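Here, each number is a calculation from the coordinates, and none is a lab measurement. Because the structure is a prediction, the values reported are computed rather than measured. Positions of Cβ are generated from backbone atoms using ideal geometry, with glycine treated the same way; all protein chains shown enter the neighbour counts.
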Amino acid sequence: MKIFIRMMFLLTFTLFVIDSAWAEIQLPEEEKIVANYQTMQEFRAFYDEVEAALKAEDIDRIMALYADDYLHQGITKRQLRFMWLEIFNAYDDLYSIHAFSNIHVTGADAILNCTGALMGIEKKGRDFLAVDRWIMLNHWLTRIDGKWKMVGGASHTGATLKESKDDSHPLF
């Protein structure tokens, strides 16, 4: 009977973890983080919200995470919306993985250097695929009205926002 109870607990726990919308993130070593504890909790909540929006395939919820003036290699927030709609139309069970190597916050701006992927199951072929992936990409966020919003990205750790034009990754 004890084995049965343990197995049920393990199964319930596993289903809860699989079904949850918690972001799969990995934080860098403490000396590579220039941010306070509260801000790190806000980033956790931000990426949890990304996962919840992906799980729900909620276009409005995902777009609320981008700044209104988002512009990346000529891609506007409006164009990005259509990109996400195409992804939602083509894939099921979307989720993202983010492994951060550096986090640097200065005032209302943040650079989170990240390697990661957007994963999903192809609706037509039912194959599990990396929909998008990135290596050592800077996620640029800014605080607007008390909330973090995505404003762009750059592929070089020391790059400035203006130098991010050479990066082709617009989603995160």
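Just a few scattered comments:
- Filter result (outside any helix (DSSP H, G or I) and more than 28 Å from Ile33 (Cβ to Cβ)) within the range 74-102: Gly74, Ile75, Thr76, Tyr91, Asp92, Asp93
- Top-ranked residue of the range 124-148 - restricted to ones that are outside any strand (DSSP E or B) and among the charged types (D, E, K, R), ranked as nearest to Ala108 (Cα to Cα): Asp145
- Residues (loosely packed, with under 15 Cβ neighbours inside 10 Å and under 11 Å from Pro170 (Cβ atoms)) located in the range 77-99: Gln79, Met83
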